[in-house]
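Notes follow the structure.
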Amino acid sequence: SGGPADSPLFNRAIQGVYELGSVMKAFPVAQSVELGLTNPNTMINTQGPMQLGRFRIRDFRNYGPALSVTDIMTKSSNIGTSRLTQQIGATRQQAFLKELGFLDVTGVEVSEAGRARPLVPKRWSDIHSATISYGHGLSASAIHLAAGYATLVNGGYAVQPTLLKREGPAPQMAQVISARTSDQMREILRQVVVRGSAKMAEVPGYLLGGKTGTADKQKPTGGYYKDKVMANFAGAFPMDDPRYVIIISLDEPVETSGTIARRTAGWTAVPVTGEVVRRIAPLLGLRPAEVEAPAPTAVTAVRN
């Protein structure tokens, strides 16, 4: 009895596919900006609940009648990204996620990668477009997520994950978003750490940026558990000249320092992310930027 993930040999980073939660919100935001439908300051209707057919989409709390595109990310609005995907349309959304690699196996050079095909809806309806925009309805691996975030912050070039050391620069891949959109996404992701749901991941001097995601955990028999989640953080650093993507994923985390148990990524995956960056950045040879008082929040793009 049991499933493949019960095996100690199961490769969760490459072989496991999961609904990833709100870390996926970065992709409809980037696509909307790239298509010229919005910019980081565009105000979007977030009045809730949002009705799609017989379904209602709600936010974690009431964020008021409208949020800027940047604040859709910092506050993590489900309604906000659902509104963006309505403008984008299901066909363009699906094509964009395919360009980012989310609809195919990763091609990483291990045998189990070929068995890690993302789980996508058979019929990409309007409600699927909405739920996929905030990380439900599509299951992918941590490697898919890392490659997607690398594309968002590296100038917009698609990334082919590999375990092989390359001599010289990586082969040039297709440009999925423009360099300008990539610059804007780095600033938006930085704001999530500076003043949004990932504040506890801030490490002075390393300009981390990223997005949190808390996904209800699926039952093997269908449906979702009421009290179990997958908590994720996806991001990159340093955001003025990105060198590394970081993915932290916790299965059924619980934080118990307070009077009630807390499971969201902001309380679980985010503090872990900050501690990981604090410890590994010096080992990677990254020197912290000078920290002013108060520390600047803007990200200035650096070109080689």
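Over what distance in Å are the Cα centres of the stretch 259-290 and the stretch 133-189 separated?
About 21 Å separates the Cα centre of the stretch 259-290 from the one of the stretch 133-189.
With every protein chain left in place and a probe of 1.4 Å, what is the accessible surface of T214, to the nearest 10 Å²?
50
If each DSSP helix of 4+ residues adds -39,500 (n - 2.57) and the sum is divided by the residues in the chain, what number results at 222 nm, nearest 500 deg cm²/dmol?
-9000 deg cm²/dmol
How much accessible area per residue does the chain have, counting only protein heavy atoms and a probe of 1.4 Å, in square angstrom?
Values: 15220 Å² over 304 residues.
In whole numbers, the chain has 50 Å² accessible per residue.
Could you let me know the centre-to-centre spacing of the stretch 47-120 and the stretch 231-248, using Cα atoms, in angstrom?
Measuring centre to centre over Cα atoms gives 19 Å.
Write out the GluC sites (Glu not before Pro) in the stretch 159-249 meeting two conditions: DSSP loop, and at most 14 other Cβ atoms within 10 Å of their Cβ.
Working: sites: E167, E187, E202; in loops: E167, E202.
Qualifying residues, ordered by number: E167.
Calculate the radius of gyration of the Cα atoms of the stretch 37-99 to one decimal place, then report Dmax, the largest Cα-Cα distance, as a whole number, both in Å.
12.0, 34
When N counts the residues of the stretch 92-149, how does its alpha-carbon radius of gyration compare numerically with 2.2 N^0.38 Å, as a ratio? Could the numbers behind the result be given before it?
Working: Rg = 11.5 Å, N = 58, 2.2 N^0.38 = 10.3 Å.
Normalised by 2.2 N^0.38 Å, the Cα Rg of the stretch 92-149 equals 1.12.
Let me check against my output: what whole-number percent is the relative contact order of the chain, with C-alpha pairs under 8 Å and at least 6 apart? Could the numbers behind the result be given before it?
On the way: 601 pairs, mean separation 54.3, N = 304.
Answer for the chain is 18 percent.
Hey, how much of the P(r) for the stretch 45-180 falls beyond 26 Å, as a percent of Cα pairs?
Details: 2921 of 9180 pairs.
Here the tail beyond 26 Å accounts for 32 percent of pairs.
Which lysines, if any, have their Cα less than 26 Å from the Cα of K211, not counting same-chain residues under 8 positions apart?
Reachable lysines: K25, K75, K98, K199, K219, K226, K228.
Ignoring ligands, DNA and RNA, please state the percent of accessible area on the stretch 65-177 from carbon and sulfur, probe 1.4 Å. List each step's numbers first, then the result.
Values: 2690 of 4980 Å².
Carbon and sulfur together cover 54 percent of it.
D for the stretch 135-211, whole µm²/s, Stokes-Einstein with Kirkwood Rh over alpha-carbon pairs at 20 °C and 1.002 mPa s: what number?
Numbers: Rh = 14.1 Å.
D, rounded to a whole number, is 152 µm²/s.
Students often get this wrong, so try it: which of (1) 22.0; (2) 19.6; (3) 22.5 is Kirkwood radius over Cα pairs in Å as calculated from the structure shown?
Identified label for the calculated read-out: (2).
Which of T268, T221, T70 moves most in a GNM of the chain, Cα contacts under 10 Å?
Comparing T268, T221, T70 in the GNM, the peak value goes to T221.
The values are calculated or read from the model by the stated rules, or taken from the named source; none is laboratory data. Predicted, not measured: the structure shown is a model, and the values here were computed from it. When we count neighbours, we look across all protein chains shown, and the Cβ atoms used for this are built from the backbone with ideal geometry, even at glycine. To get the accessible areas, we keep the full protein, side chains included, count just its heavy atoms, and leave off ligands, DNA and RNA. Shrake-Rupley method; radii C 1.70, N 1.55, O 1.52, S 1.80 Å.
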